[in-house]
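Trainee: Dropping a structure here in structure tokens format, bear with me for questions.
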Amino acid sequence: MSTIVQDRLERRFELWDTNHDGVIDRSDWEAEARSIVRGFGERENTPRAAALLSAYAHMWDYLAAQVGPHATSMSLEQFKQVSHEHIISKGDAGFATVLRPTIQAIVNLCDTDGDGRVNQSEFKSWLKAIGADSEISAALFNRVDINRDGYLTVDELVRAVQDYHEGSLDVSLLGD
């Protein structure tokens, strides 16, 4: 595993370890999802918020199952190993399987015009909701908009998350 991949996974672990106890568990992931929901100004009992909370729970369940059938938490080393083996090393397929539902749920939260895509204004809201610097939104949007149509699709956003974890994009779209 490259140094940049390790660094990005370690940073992700730190962000998910919301209670700073040195392990991540389902409650850490739920806290992150709730934080994103609040960042969008959405109430947790709405269908869009519930979809994001569910996507995060499924992502946790999938990764925890890779640690072991009864795993309730992951150490940093377990997280790095499982993430590398089941996401990073599988490339497009790994990111699509594990992260696409979460990214789709975030798109649904920020897609205020309901067209299934993210425009520049919605993308700025996305960055603000995850705690990223929204001042970089225009340049980042243009970098992520692969087909240059002025909108970001779920596929382009999954690709951007993959690019971040592989080291070719410097901004995480899942919080930083």
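Trainee: Test Gly150 against the criterion of being more than 16 Å from the chain's Cα centre (by Cα) and at positive phi, and give yes or no.
Mentor: yes
Trainee: If you don't mind, there's one more thing I want to ask. Considering only residues that are in contact (Cβ under 8 Å) with a residue 12 or more places away in the chain and charged (D, E, K, R), which ones fall in region 39-60?
Mentor: Once the filter is applied, which keeps residues that are in contact (Cβ under 8 Å) with a residue 12 or more places away in the chain and charged (D, E, K, R), region 39-60 yields Glu42, Arg48.
Trainee: Could you pull out the residue among Glu14, Glu44 that is of a type in the set (Asp, Glu) and assigned to a loop (DSSP other than H, G, I, E, B)?
Mentor: Within the list Glu14, Glu44, the selection yields Glu44.
Trainee: Let me ask something else about it. In region 97-129, what count of residues is obtained for those that are under 17 Å from Ala51 (Cα atoms) and in a helix (DSSP H, G or I)?
Mentor: Qualifying residue count for the region: 16.
Trainee: Just one of the numbered conditions (1) small (Gly, Ala, Ser); (2) on the phi < 0 side of the Ramachandran plot; (3) at pLDDT 90 or above is not true of Gly114; which one?
Mentor: (2)
Trainee: Related question: Can you pull out the residues in region 84-96 that are in a helix (DSSP H, G or I), of a type in the set (A, V, I, L, M) and either crowded, with 18+ Cβ neighbours inside 10 Å or within 10 Å of the chain's Cα centre (by Cα) (or both)?
Mentor: Once the filter is applied, which keeps residues that are in a helix (DSSP H, G or I), of a type in the set (A, V, I, L, M) and either crowded, with 18+ Cβ neighbours inside 10 Å or within 10 Å of the chain's Cα centre (by Cα) (or both), region 84-96 yields Ile88, Ala96.
Trainee: Give the residues of region 150-173 that are within 22 Å of Asp92 (Cα to Cα), out of contact with any Phe, Trp or Tyr (no Cβ under 8 Å at 6 or more places or on another chain) and not in a helix (DSSP H, G or I), sorted by residue number.
Mentor: Tyr151, Thr153, Gly167, Ser168, Leu169
Trainee: Can you list residue pairs whose Cβ atoms sit under 9 Å apart, with the first residue in region 149-171 being basic (Lys, Arg) and the second being assigned to a helix (DSSP H, G or I) and buried (at least 17 other Cβ atoms within 10 Å of the Cβ)? Count only pairs 6 or more apart in sequence or on different chains.
Mentor: Matching pairs, first to second residue: Arg159/Phe95; Arg159/Val144.
Trainee: On the given criteria, is Glu122 more than 12 Å from the chain's Cα centre (by Cα) and either hydrophobic (A, V, I, L, M, F, W, C) or under 21 Å from Asp92 (Cβ atoms) (or both)?
Mentor: So Glu122 does not fit the description; no.
The values are calculated or read from the model by the stated rules, or taken from the named source; none is laboratory data. Because the structure is a prediction, the values reported are computed rather than measured. Methodologically, a virtual Cβ is constructed for each residue, glycine included, from the backbone with ideal geometry; neighbour enumeration extends over all protein chains shown.
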